[in-house]
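As C-alpha cells, the structure follows; a few thoughts come after it.
The values are calculated or read from the model by the stated rules, or taken from the named source; none is laboratory data. Being a predicted model, the structure only gives us computed values, none of them experimental. All Cβ positions, even for glycine, are placed from backbone atoms using ideal geometry, and neighbour counts span all protein chains on display. Accessible surface is based on the protein model in full, side chains and every heavy atom, while ligands, DNA and RNA are left aside. Shrake-Rupley method; radii C 1.70, N 1.55, O 1.52, S 1.80 Å.
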Amino acid sequence: MTSEPVRLYEPGFHTDPTDSYRRMRAEHGPVVPVLMEGDVPAWLVIGYLELHHVLVTSSVFARDPRRWNAWDRVPENWSMLPVVMPLPNMLSAEGEDHRRRAQAVNAALSGGDPHELRAVTVRLADRLVDGFCTSAGAELRGQYAARIPALVLCWMFGLDEERGEELTAIMSTVFDAGPDVMKAYTDLAARVGELVALRRARPGPDVVSRLISDPRGYTDEELVPELLAVLGGGHQTTTEWIGNALRLMLTDSRFSASLSGARSSVREALNEVLWEDSPSQMQAGRYAAHDVELGGQRIRKGDMVLLGYAAANKDPQLHASQAGRERANHAHLSFSHGEHGCPYAARELAENIAVTAIEVLLDRLPDIELAVAPEELRWRPSPWVRGVASLPVTFTPALPQGAP
Ligand code: HEM
C-alpha cells in the first residue's frame, strides 16, 4: 500500500484522534506512514493484531533508539527528543540486560506492604482535599489528579513529605514541557542522585534501597536514570488515568447516580478509560532490526515504529470479534504488552493509587459537579498522552479533616 504520509502534528489529530484514526485506517490500513513534527518519518501501528505482533516480536521490533535510521533528519531542539532519545535505563535496554532490570524494578515496586500503601494514599489524598474543600470549587486535574501519583511515588522512594512536595512540583514542570523543562529535568536528576547517596549510606524500607540491594548490582550512574524512568513512567500516566476517569464519572449519566454511592463504579470508570481514552495514546517506539513486512507495508531496517495503543484499542476488527464484551476485560493495550510492557507491579500500584484517590475525593465531597458544560472541557495537546487539560468542579464547602 502506498499513499501520502499523514502529518501527526496537525491540530485535527489532537482534537479528535478517533476520527483521525478512522480516516487513517480507511486510507492506509493497520500500519500508517506518518510524518512527525519537522516532517521526520515513522510508521504508526493502529491495527490491534499488528500492534500485538510488534509488541511480542522484540527480535524484529527492537527497543533501542540507537537503531533508528533517521537521526540525521532530527531538527535541532526537536520537541520529540525527550521521548525518543536513548537513555541508559530499562526503557532503551534490550535482551538479558533488560530482563534483569525489569525483574529488579518489579521486585522493588512490589516489596512494600499494600495496606500501608493504601493508608498512605488515603492520608495524602485527604491532605490534598483539605487544601481546597473549604472553598466551593477546585480544578481537579491540577490540584488533585496531577499531584497524588507523584506524592505517593515520592513516599515509596523514601522521601519525607516536604521533599516529596518539592519533587512533585518539579515533576509538574517537567511534564508540562514549558520553557523551564530542561532545568527542571536537571534538578530532578540531581535530587534523585542525592537520594541514592543517602540511601546507600542509610538504607530503609523503600524502593530506592531495594533497588540498591538488588542482586543485579546497580551502579549509581545506572540507578538515577532507572529511578527517573519509574517516576516518569508512573506519574504522568497515572495522573491522566485519574483525570480521565473523573471526567467520565462527572460527564456520563451512567456514573453520575453512583458518584457518592457504589464503589464498584470507580473501577468500571477506570477500566472504561483504558479502552476509550487511554492515557497512553501513542509511544515511540520500536526500531526494525531488519527489513520486514507489516500490515501490507514494507518497513526498512532502522525505521521507527510508533505504538498506537489508543487506536489499536478501538480497532473495529477487534470489537467485531468480541461482540461488545470487551469493556469488561483487560485485553486493551494501554499498558502495552510483552517484554517492555508496563511492569505488573506498576500496573497494580497505579490502580491502587487511582481507585483510592477517586474514592477519597467522592467520600469527602459527595455532591461534586462539573463547573462547566462537558463540551467545554479540552484535551491536552499531546500526541503521546491523552488527558483533560483541566477539570473545574463545584461542591458544597466542607471542613478539613483535622477541623474540630
Ligand atoms: C505507579 C504507576 C506506574 C509506574 C511506576 C510505571 C512504570 C513503568 C516502567 C518502569 C515502564 C518501562 C518498562 C520497560 O521498558 O520494561 C513502563 C512502561 C509503560 N507503562 Fe507504566 N507505569 C505506571 C503506570 C502506568 C499507567 C497508568 C499506564 C497507562 C494506563 C502505563 C502505561 C505504560 C506503557 C504504555 C508502557 C510502555 C511499554 C512499552 O514500551 O511497550 N503505566 N511503566
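The average projected area of region 95-167, computed from the convex hull of its Cα atoms over all directions, is 6.2 nm². Using the Cβ-Cβ distance between ARG22 and SER336 with R0 = 22 Å, the FRET efficiency computed as 1/(1 + (r/R0)^6) comes to roughly 0.45. Considering all different alpha carbon pairs of the chain, the Kirkwood hydrodynamic radius works out to 22.1 Å.
Could you work out [θ]222 nm for the chain from helices alone, using -39500 (n - 2.57) per DSSP H run of at least four and dividing by all its residues? Round to the nearest 500 deg cm²/dmol.
Values: 16 runs with 197 residues, N = 404.
Mean residue ellipticity at 222 nm (helix-derived): -15000 deg cm²/dmol.
Taking the DSSP beta bridges with both ends in the chain, the antiparallel portion is around 80 percent.
Each of THR396, THR356 has its accessible area taken with a 1.4 Å probe; listed largest first, they run THR396, THR356. Modelled label-to-label distance, GLU348 and GLU369, 7 Å Cα→beta-carbon offset: nm? Inter-label distance under the simple model: 4.1 nm. FRET efficiency for the GLU165 to GLU94 pair, using the beta carbon distance and R₀ = 30 Å, is estimated at 0.25. Once the Cα-Cα distance is subtracted from the 0.36 nm per residue extended length, the VAL56 to ARG200 segment shows a gain of 48.2 nm.
Here the 3J(HN,Hα) profile of region 281-289, calculated from phi with Karplus coefficients 6.51, -1.76 and 1.60 at θ = phi - 60°, is 6, 7, 9, 9, x, 9, 9, 5, 6 Hz, Gly and Pro shown as x. Per-residue extension of 0.36 nm, minus the Cα-Cα distance of ARG123 and ARG378, leaves a gain of 88.8 nm for this segment.
Averaged over residues, the count of other Cβ atoms within 10 Å places the peptides 237-247, 87-97, 48-58, 215-225 in the sequence 237-247, 48-58, 87-97, 215-225, highest first. Carbon-plus-sulfur accessible fraction, region 55-148 (probe radius 1.4 Å, protein heavy atoms only): 53%.
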